[in-house]
Amino acid sequence: MDFSLSTEEREVRDWVRTFVQRELMPLEQEVLRRERRGEPGLTSDELTALQLKAKESGFWGVQTPEEYGGMGLSAVMTALLEAELGRTFVPFRFGGAADNILFHANDEQKERYLLPTISGERKSCFAITEPGAGSDAKNIRTSARKDGADWIINGEKTFITGGNEADFVMVFAVTDPEKGANGGVTCFLVDRDMGWKSEPIDTMGEWGPASLVFDNVRVPESQILGEEGQGFALAMQWIGRGRYLLPARAIGSCERLISMAIEHANTRETFGAPIATRQAIQWMIADSGVELEALRWLVLHAAWQVDSGMDSRHAQSIAKLYGGIKANEIVDRVLQIHGGMGYTRELPIERWYRELRLLRIYEGTDEIQRRTIARNLLKGHVKIGGALG
Ligand SMILES: Cc1cc2nc3c(=O)[nH]c(=O)nc-3n(C[C@H](O)[C@H](O)[C@H](O)COP(=O)(O)OP(=O)(O)OC[C@H]3O[C@@H](n4cnc5c(N)ncnc54)[C@H](O)[C@@H]3O)c2cc1C
């Protein structure tokens, strides 16, 4: 068993680490100032400029297949890159990406949706959640009714990431209420100018989602992505595309946070000695260090399963559940170690405290991950002892 990185993995990882240090970390104070003014951390133009800078060194379309101009990196490599990006809260992501399910588009749809999304000309969003159906996604009510050669979509979606900025939405609607999620849900590609409206939702973090309203939005048959009735499988494929990537990002955040805690513990003195000499502080740092290492290997193990072509869903659920819980415990301890300063907006800890909270909710809550893990174990879908048997 070899836990080391190859030379190539190390080089790619180090390039991103340097990019984060040189290009992103210097923007942190401005990102915090903008947040206090209620503005986004990076404007769309600033994000594009940073993405193009990364592209000059070949960092473009990290997981996009090479035939589409991407890097086609492995899951393990992508997890390593996400961890590096997680070292800063500057809201950066590499350009050249497109939602995995857009690759199911037919040739004409690829020209109109997939390729412009990869090039950055168009922005997508993914909309399944509704006010009455989140975890229970099979219960969606948004409907699409056939009218001649067209479909008429009615309903409301909520918490849609990128829904305010998107040019088009991949929206999931019931086309056969009898069948529901078992062959009666269809995915439609719907341009904003076809008639849907969005409203921002104010949240405690940077990634402000939107609610979307479809009021008799008429779309032609050619807007169906994949096959009529097969939308639920596409939705699950989108959600399952990289559950390991969410906790991967938290690895970097925890590394940075624990470093801050160590520095503060070594320099802050109370009662005539650095707080690092107190067992209460040492134990918080020890527990955080142990949990960070456990998280790292859970994430890389899940990514390795993806690269090995194994059914990685169980491992991904474990990494997502553990990452969400432990990253929140770690940021809480780091805030505690900083005392009153940890609670201020002068330091970024409180921002991470708010941002990391989302990890326990989106793309499957803690409870839903536990439900999946328990079902797999109770029904014998996976063996105790994991991939080694
Ligand atoms: C910032 C943000 C971005 C998002 N982005 C998107 C997006 O881009 N596209 C999209 O479609 N959705 C998106 N979502 C929606 C997200 O996936 C849902 O919020 C999430 O799945 C939970 O659904 P819910 O909010 O309806 O909670 P509910 O499903 O109502 O759950 C409420 C509580 O009950 C628990 N619970 C539910 N069922 C069970 C059960 N069977 N057993 C035990 N406990 C249970 C949940 O874990 C939770 O604690 C986003 C959400 C947020 C906050």
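The values are calculated or read from the model by the stated rules, or taken from the named source; none is laboratory data. Values in this document were obtained by computation on a predicted structure and should not be read as measured data. Ideal geometry is used to build each Cβ from the backbone, glycine not excepted, and the neighbour counts take in all protein chains shown.
Details
- Subset of the stretch 336-358 that is within 16 Å of the ligand (Cβ to nearest atom) and of a type in the set (Lys, Arg) - its residue that is surrounded by the most Cβ atoms within 10 Å (Cβ to Cβ): Arg351
- Check on Val62, more than 14 Å from the ligand (Cβ to nearest atom), out of contact with any Phe, Trp or Tyr (no Cβ under 6 Å at 6 or more places or on another chain) and either without any contact (Cβ under 8 Å) to a residue 24 or more places away in the chain or not in a strand (DSSP E or B) (or both): no
- Residue list for the stretch 59-82, restricted to those being surrounded by fewer than 20 Cβ atoms within 10 Å (Cβ to Cβ) and among the aromatic types (Phe, Trp, Tyr): Tyr68
- All strands (runs of 3 or more DSSP E) inside the stretch 83-182 with 3 or more residues being within 21 Å of the chain's Cα centre (by Cα) and crowded, with 18+ Cβ neighbours inside 10 Å: 124-127, 150-160, 168-174
- Selection of the stretch 128-176 for residues being in contact (Cβ under 8 Å) with a residue 24 or more places away in the chain and of a type in the set (Gly, Ala, Ser) yields Gly134, Ser135, Ala137, Ser143, Ala144, Ala149, Gly155, Gly162, Gly163, Ala166, Ala173.
- Scanning the stretch 359-388 for residues that are more than 10 Å from the ligand (Cβ to nearest atom), part of a helix (DSSP H, G or I) and of a type outside the set (Gly, Ala, Ser) gives Leu359, Thr372, Ile373, Arg375, Asn376, Leu377, Leu378, Leu388.
- Residue selected from the stretch 205-222 under the condition under 26 Å from the mean Cα position of the chain (by Cα) and over 30 Å from Phe89 (Cβ atoms), by the criterion surrounded by the fewest Cβ atoms within 10 Å (Cβ to Cβ): Val213
- Residue match in the stretch 298-305 (condition: within 16 Å of the ligand (Cβ to nearest atom) and within 28 Å of Glu263 (Cα to Cα)): no
- Qualifying position, being touching a Cys at 6+ places or on another chain (Cβ under 7 Å) and either β-branched (Val, Ile, Thr) or outside the structural domain of Tyr362 (by TED's automatic domain parsing) (or both), among Phe168, Phe172, Phe214, Phe159: Phe172
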